[in-house]
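Derivation of every value follows stated rules applied to the coordinates shown; laboratory data play no part. What you are looking at is a predicted structure, and each value in this text was computed from that prediction instead of being measured. For neighbour counting, all protein chains shown are included, and Cβ atoms are generated from backbone atoms with ideal geometry for every residue, glycine included.
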Amino acid sequence: MRAYNFCAGPAALPTAVLEKAQAEMLDWQGKGLSIMEMSHRSKDYVAVAEKAEADLRKLMNIPENYKVLFLQGGASLQFSAIPLNLLGKNNKADYIHTGIWSEKALKEAQRYGDINVIEAGTTIDGKLAITDQSTWNLSADAAYVHYAENETIGGIQFANIPETDKPLVADLSSSILSAPIDVTKFGLIYAGAQKNIGPAGLTLVIVREDLLDQAKPEIPSILKYSDQAKNDSMVNTPSTYAWYLSGLVFEWLLEQGGVEAIHKANMAKAKLLYGYIDASDFYANPIAKANRSIMNVPFTLAKPELEKQFLQEAEENNLLNLAGHRSVGGMRASIYNAVPLEGVQALVNFMDDFAKRNA
Ligand SMILES: *Cc1c(COP(=O)(O)O)cnc(C)c1O
């Protein structure tokens with residue numbers, strides 16, 4: 001029996017995708033070997049890789065003038081790759097600081113250039129929120145503006161895409177494919193796969209072509225977007241299995257009706273969980289309504305001393321990985337694309353029962 005998995009990452013994958021991968025594990029499409037045992041340069045594997053890219057382009061409506069790269073090293077290696085590729089001659093960038101991931105990104109960038117940090121976190125009536133863009137001091141000569149669209153640990157998400165005439169660089173690790181976005185508003189989008197795409201070990205980068213030719217000369221070629229683009233993300237051996245499995249997730253998403261349909265489902269899940277928390281005296285969410293994440297829902301218990309018991313009983317009820325990040329504590333339910341509405345309903349039922357027994 002499969003439990004409901006609310007892990008922030010590596011996160012739940014659609015059961016149908018895992019079943020397909022299982023069926024194909026030993027003998028991929030009658031070829032007598034597993035996809036993991038194939039050369040990444042073979043005709044069969046290249047077709048799998050290209051299909052994954054084509055399906056992602058369809059799902060996100062990615063224009064021709066953007067390259068899609070399937071890389072390694074996680075979103076965290078992009079924290080270095082982005083400044084090394086994009087800082088250019090001005091050697092200056094704006095970073096919007098809203099939480100732990102955007103902070104990690106800006107700390108890495110500070111090793112390479114002049115980073116203007118915009119402190120965009122605030123509190124409104126005791127709830128965490130993101131400040132209005134009109135209060136930000138953006139630089140006139142920044143090579144790009146970086147932000148983390150959804151702060152996975154804090155559970156705080158931008159209500160709008162920031163406006164800028166500079167290339168906008170977005171960490172979409174925990175929100176990619178959860179809602180429709182207009183790719184043309186971005187210079188670069190990146191995401192570690194293990195939240196909303198596929199298994200760990202793969203990192204997606206979607207980058208506008210005109211940004212490819214300003215890398216620092218000392219950049220490792222593995223990190224250089226133009227080299228990776230020229231080599232179809234195969235400067236070296238890519239993460240072949242994660243790429244294949246992500247392709248199966250893209251096929252699954254298309255079968256669900258694409259990103260608009262999955263967004264509707266995500267909104268229904270978020271509404272159910274936040275609605276229950278708001279109506280309860282026993283649970284609370286620390287984020288202002290406009291900036292609540294639809295993917296990562298942190299919540300606290302009125303009696304924090306019951307946290308351990310809550311987690312243990314949840315697990316006994318097949319509701320897994322509800323502990324908040326070690327740096328913030330409390331609880332967190334990550335309700336990515338692959339977590340079904342029934343899972344969120346089961347969580348709410350359990351939370352309600354727990355509250356009644358312990359109020
Ligand atoms: C998980 C996460 C990261 C880090 O991803 P790795 O692949 O572990 O490097 C960065 N940014 C955000 C928003 C994340 O959720």
(message) Nearest 5 percent is fine: what portion of the DSSP beta bridges confined to the chain is antiparallel?
(response) 60 percent
(request) Would you list which lysines come within 23 Å of residue 20, measuring only between C-alpha atoms, while excluding same-chain residues fewer than 8 positions from it? (result) 31, 43, 51, 58, 195
(message) How would 292, 357 line up from fewest to most surrounding beta-carbon atoms within 10 angstrom?
(response) 357, 292
(request) Provide 173, 34, 246, 221 in ascending order of the number of other Cβ atoms located within 10 Å of each residue's Cβ, fewest first. (result) 221, 34, 246, 173
(request) Among DSSP beta bridges lying fully in segment 109-266, give the percent that are antiparallel, nearest 5. (result) 60 percent
(request) Calculate one ³J(HN,Hα) per residue across segment 216-227 by plugging θ = phi - 60° into the Karplus curve 6.51 cos²θ - 1.76 cosθ + 1.60, and present them in order as whole Hz with x for glycine and proline. (result) 5, x, 7, 5, x, 5, 4, 8, 7, 4, 5, 5
(request) State the dimensionless ratio Rg/Rh of the chain (Rg: radius of gyration of Cα atoms; Rh: Kirkwood radius). (result) 0.98
(request) Before rounding to the nearest 500, sum -39500 (n - 2.57) across all DSSP H runs of length at least 4 in the chain and divide by the residue total; then give [θ] at 222 nm in deg cm²/dmol. (result) -11000 deg cm²/dmol
(message) Compute a Gaussian network model of the chain, connecting alpha carbons closer than 10 Å, and tell me which residue from 39, 280, 134 fluctuates the most.
(response) 134
(request) List the residues whose amide H sits under 5 Å from the amide H of residue 87, counting only those 5 or more places along or on another chain, with H placed 1.01 Å from N in the peptide plane. (result) none
(message) Cut-off is 10 Å between beta-carbons; in what order do 1, 295 appear when sorted fewest neighbours first?
(response) 1, 295
(request) Check cross-link reach from residue 89 to the lysines: straight Cα distance under 21 Å, and skip same-chain residues fewer than eight apart. (result) 107, 166, 216, 224
(request) Can you tell me the alpha carbon radius of gyration of segment 38-144 divided by the globular rule-of-thumb value 2.2 N^0.38 Å? (result) 1.42
(message) Need the C-alpha centroid separation for segment 1-56 versus segment 132-160, integer Å.
(response) 34 Å
(request) Apply the Karplus parameterisation 6.51 cos²θ - 1.76 cosθ + 1.60, with θ equal to phi minus 60°, to every residue of segment 205-214 and state each ³J(HN,Hα) to the nearest whole Hz, in sequence, with x for glycine and proline. (result) 10, 10, 10, 5, 4, 6, 9, 7, 10, 10
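Would segment 258-357 count as rounded, prolate or oblate if I go by the C-alpha gyration tensor, calling it rounded below 1.5 in a/c and otherwise prolate when a/b exceeds b/c, oblate otherwise?
Verdict is prolate for segment 258-357.
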(message) Between residue 41 and residue 184, how high is the FRET efficiency from 1/(1 + (r/R0)^6) when r is the Cβ-Cβ distance and R₀ = 30 Å? Nearest 0.05.
(response) 0.35
(request) Can you pull the one-decimal nm distance between simple spin-label points at residue 114 and residue 26, each 7 Å off the Cα toward Cβ? (result) 6.3 nm
(request) Would you look at the GNM of the chain, springs on alpha carbons closer than 10 Å, and say which of 334, 102, 139 moves the most? (result) 139
(message) Could you tell me the center-to-center distance, by alpha carbons, between segment 283-300 and segment 86-101 in angstrom?
(response) 26 Å
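By Kyte-Doolittle mean hydropathy of at least -0.5 and Cα axial length of at least 30 Å, which whole DSSP H helices of the chain are selected?
258-279
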(request) Give the shape of segment 138-258 as rounded, prolate or oblate, defined through the alpha-carbon gyration tensor: a ≥ b ≥ c are the square roots of its eigenvalues, a/c under 1.5 means rounded, and otherwise the shape is prolate if a/b is larger than b/c and oblate if not. (result) oblate
(message) Quick check on segment 169-257: of the DSSP beta bridges with both residues there, what percent are antiparallel, nearest 5%?
(response) 60 percent
(request) Evaluate E = 1/(1 + (r/R0)^6) for residue 264 and residue 349, where r is the Cβ-Cβ distance and R0 equals 30 Å; express this FRET efficiency to the nearest 0.05. (result) 0.85
